[in-house]
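> One structure coming up, written as structure tokens, with questions to follow.
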């Protein structure tokens with residue numbers, strides 16, 4: 001499974017990498033091997049927005065799930081994701097709740113949890 005995360009802290013990303021054996025990537029050039037996790041930096045400019053959209057749509061075959069921590073800059077990732085592969089987690093949740101929601105999404109996508117139980 002290849003996973004794209006947006007808006008999550010380094011701590012959350014590193015825990016997920018360790019827990020599920022993902023290979024952490026910092027760019028789409030590194031992304032795509034078995035169990036890759038790409039942690040995207042926050043979109044700060046219009047240029048980054050267009051670049052992110054282009055990279056998302058250009059790599060859609062390799063992306064199994066996109067999980068974003070909801071804020072005002074995440075919508076471009078939604079438009080660049082295939083239906084059924086986009087998941088949004090509320091930014092108002094406590095750290096423990098965020099991690100639980102992220103775990104349930106990953107477990108469901110990995111087939112470790114029935115979809116009706118997880119997401």
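The values are calculated or read from the model by the stated rules, or taken from the named source; none is laboratory data. These numbers come from a predicted model, not from an experiment. Note that we place each Cβ from the backbone using ideal geometry, even for glycine, and neighbour counts take in every protein chain shown.
> What's the number of the condition residue 33 fails, among (1) loosely packed, with under 13 Cβ neighbours inside 10 Å; (2) at pLDDT 75 or above; (3) within 14 Å of residue 2 (Cβ to Cβ)?
Failing condition for residue 33: (2).
> In this structure, is residue 37 in contact with a helix residue (DSSP H, G or I) (Cβ under 8 Å, 6 or more places away or on another chain) and assigned to a strand (DSSP E or B)?
So residue 37 fits the description; yes.
> Right, something else. Scan segment 41-51 for residues that are out of contact with any helix residue (DSSP H, G or I) (no Cβ under 7 Å at 6 or more places or on another chain) and either surrounded by 19 or more Cβ atoms within 10 Å (Cβ to Cβ) or farther than 21 Å from residue 98 by Cβ (or both) and jot them down.
44, 45, 46, 47, 48, 50, 51
> I want to confirm something. Restricting to segment 20-29 and keeping residues that are modelled with pLDDT of 85 or more and surrounded by 12 or more Cβ atoms within 10 Å (Cβ to Cβ), which single residue is farthest from residue 100 (Cα to Cα)?
25
> So, of the residues in segment 85-119 that are touching a helix residue (DSSP H, G or I) at 6+ places or on another chain (Cβ under 7 Å) and within 27 Å of residue 47 (Cβ to Cβ), which turns out to be modelled with the lowest pLDDT?
86
> Are there any pairs, at least 6 apart or on different chains, whose C-beta atoms fall under 6 Å, with the first in segment 97-117 and more than 20 Å from residue 14 (Cα to Cα) and the second modelled with pLDDT of 85 or more and surrounded by fewer than 16 Cβ atoms within 10 Å (Cβ to Cβ), and if so, which?
none
> Turning to a different aspect of this structure: For segment 43-64, how many residues meet the condition of being within 26 Å of residue 107 (Cβ to Cβ) and in a loop (DSSP other than H, G, I, E, B)?
3
> While we're here: Among the residues in segment 61-84, are any surrounded by 12 or more Cβ atoms within 10 Å (Cβ to Cβ), more than 13 Å from residue 5 (Cα to Cα) and modelled with pLDDT of 85 or more?
Looking for residues that are surrounded by 12 or more Cβ atoms within 10 Å (Cβ to Cβ), more than 13 Å from residue 5 (Cα to Cα) and modelled with pLDDT of 85 or more, one finds at least one in segment 61-84, hence yes.
> Continuing with this model, one more query. From 5, 16, 24, which residue is part of a strand (DSSP E or B), touching a strand residue (DSSP E or B) at 6+ places or on another chain (Cβ under 9 Å) and touching a residue at least 24 places away in the same chain (Cβ under 8 Å)?
Going through 5, 16, 24 in turn, just one is part of a strand (DSSP E or B), touching a strand residue (DSSP E or B) at 6+ places or on another chain (Cβ under 9 Å) and touching a residue at least 24 places away in the same chain (Cβ under 8 Å): 5.
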